[in-house]
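Structure record follows, encoded as structure tokens.
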Amino acid sequence: MSSNLGGTPTAQEAGPRMAKIKVVGPVVELDGDEMTRIIWQFIKDRLIHPYLDVDLRYYDLSIQNRDATDDQVTVDAAHAIKEHGVGVKCATITPDEARVEEFGLKKMWLSPNGTIRNILGGVVFREPIIISNIPRLVPGWNKPIIIGRHAHGDQYKATNFKVPGAGTLTLTYTPADGSEPIHQQVVTYPEGGGVAMGMYNFNDSIRDFARASFAYGLQRGYPVYLSTKNTILKAYDGAFKDIFAEVFEAEFKEQFDAAGLTYEHRLIDDMVAAAMKWEGGYVWACKNYDGDVQSDTVAQGFGSLGLMTSVLMTPDGRTVEAEAAHGTVTRHYRQHQQGKPTSTNPIASIFAWTGGLKHRGKLDGTPEVTQFAETLEDVVVTTVESGKMTKDLALLIGPEQEWLTTEAFLAALDENLAARLG
């Protein structure tokens, strides 16, 4: 795939070359699929390599290579992130039946994000990128709302089935130590039958969820809220409430007090209502399903699903994997394959790079690396605020707003970054 979308000299080639900033530790790079893969290459060639001397540990997570390696490449990439502490990930295809047929795949491979999460542990934090001229569906949201999703168990690992007719549903827990089992009768079904589900979570996983949420709140300087429905699920959601309270008191309260930050548990319905009224500026720790739903609600409320960052952080706060929260933009890729111009928004992919680089700078104690990443983020925001943007954002502003092709927008970012750092 061609990486030079426009074919014009880069701003770096056109002007005098600055000394590159040295990135001390390695960054694990996970390449992806379709239109985002092409944009990813441009970002690397034009916005990263000209400015940074960085050791990239490259893993090709294209659907073709995952298939060729029986998905071992995803496992290897996750272990590399674990070793080096920082990963940046391009959007990837999670295949369905149609994709298996399209690419002639051996099987329907699992989501790479799920595989990586299972190896690293931790929590996915999703945060909107706020740009002043992009209209918000919730006008009062002036600060980021960061959704922390507990990506373990609950509905996503539940056992569920159709009940064919009359009968009794029971749950049985058999202790490993041979002690007395626990039997719970759930319901007696009438003739018509129904459906059933058994759901679970682990105390250790909830504890890690709490630690990661509090660590992220401290890093960002934001209060933390946990939402559950413990009034209804007294034991299940009650465990989340109690474990968060224990971890906060034992491990984080002093640091939160020193930073002037707070932690609070709220009922999910109360939290949703409060979120609509408040201006933002907090971390919202959500159970698995709630986090799945609320991250999209928040993204759309701030204007665009294309303006959402996603960071996986481990409970100790040491390891971070940053990615775009959107997909591979298949429709635009088809246009690109036909030689037609596209207008694909690269902002979340750029912020995946900057998110990883900011953490690398923090781990290595190299503020100049963190400062470069923050400068690139600011260049992106100010470029859009100056009226240069892709079609998806222009449509949010209105029919009169002009827009740029993918190539032209990326070239504008290239030029503005070179001018800012020149």
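Every number in this text was worked out from the coordinates using simple rules, so none of it is lab data. On a predicted model such as this, the values are computed, not experimentally measured, just so you know. When we count neighbours, we look across all protein chains shown, and the Cβ atoms used for this are built from the backbone with ideal geometry, even at glycine.
Some values worked out for this structure:
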{"quantity": "Descending principal axes extents, the stretch 274-422, alpha-carbon based, whole Å", "calculated": "46, 39, 32"}
{"quantity": "Total charge dipole magnitude, the chain, about the Cα centre, Cβ charges on Lys, Arg, Asp, Glu only, Debye to nearest 20", "calculated": "380"}
{"quantity": "Out-of-range pairs (alpha-carbon distance over 31 Å; input K253/K362; K89/K143; K143/K340; K89/K253)", "calculated": "K143/K340; K89/K253"}
{"quantity": "Prolate/oblate/rounded label for the stretch 250-328 (Cα gyration tensor, a/c 1.5)", "calculated": "oblate"}
{"quantity": "For the stretch 83-154, with +1 on Lys and Arg beta carbons and -1 on Asp and Glu, the positive-most of A98, N118, I146 along the dipole", "calculated": "I146"}
{"quantity": "Simple spin-label estimate for L421 and K107 in nanometres, 7 Å along Cα-Cβ", "calculated": "4.3"}
{"quantity": "Cleavage-rule hits, GluC sites (Glu not before Pro), the stretch 260-355, DSSP coil, Cβ neighbours within 10 Å at most 16", "calculated": "E279"}
{"quantity": "Two-site label geometry, T330 and E402: point separation in nm, points 7 Å out along Cα→Cβ", "calculated": "3.5"}
{"quantity": "Per residue convex hull volume, Cα atoms of the stretch 195-296, in Å³", "calculated": "111"}
{"quantity": "Fraction in percent of alpha-carbon pairs per bin - 10 Å, the stretch 101-199", "calculated": "11, 20, 21, 26, 16, 5, 0"}
{"quantity": "Overall dimensions of the chain as given by Cα atoms, namely Rg and Dmax in Å", "calculated": "23.2, 80"}
{"quantity": "The stretch 79-170: trypsin sites (Lys or Arg not before Pro) in DSSP loop, at most 16 other beta carbons within 10 Å", "calculated": "K106, K107"}
